[in-house]
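Only one structure is covered here, and it is reproduced in the block below.
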Amino acid sequence: MKLHTTVILVIVWLGVFALHTAEGSVASQSMRKLSCVNLSAQKVDIRSIVNYEKQKVPVEAIMFITTNGIKICVHPDQKWVQAAIKRIDRRRTARRR
């Protein structure tokens, strides 16, 4: 009976150890909460964009964030995208002064 209890305790301990180790390794990795996978083909009103993030992986993209908090992923080579980025950068520079 004691051997049976000891085996069960060892198995439970190993399970807890493995779970704790797996949680630590996943939690220690820095991961983005949202990344672009699909890109939108629609043009967004530049005036409604308040911020952007550049992304290289899994696809090269710009994630625009609108005044409503909506995140829209677009291809970075489009002319209107470059104009929007410049506008946001100018606004940021003006606020620092």
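The values are calculated or read from the model by the stated rules, or taken from the named source; none is laboratory data. Note that the structure is a prediction, hence the values are computed from the model and not measured. Here the Cβ is made from the backbone with ideal geometry for all residues, glycine too, and neighbour counts use every protein chain on show.
Scanning segment 25-37 for any residue that is of a type in the set (S, T, N, Q) and modelled with pLDDT of 95 or more turns up nothing.
Considering segment 43-82, the residues that are surrounded by 11 or more Cβ atoms within 10 Å (Cβ to Cβ) and assigned to a helix (DSSP H, G or I) include one that is modelled with the lowest pLDDT, namely I46.
Tell me, which residue of segment 33-42 that is among the aliphatic types (A, V, I, L, M) and surrounded by fewer than 14 Cβ atoms within 10 Å (Cβ to Cβ) is nearest to P76 (Cα to Cα)? Break it down stepwise before answering.
Filtering segment 33-42 down to residues among the aliphatic types (A, V, I, L, M) leaves 34, 37, 39, 41.
Now drop any that are not surrounded by fewer than 14 Cβ atoms within 10 Å (Cβ to Cβ), which leaves 34, 37, 41.
On the way: L34: 17, V37: 14, A41: 11 Å.
Ranking the qualifying residues of segment 33-42, first place goes to A41.
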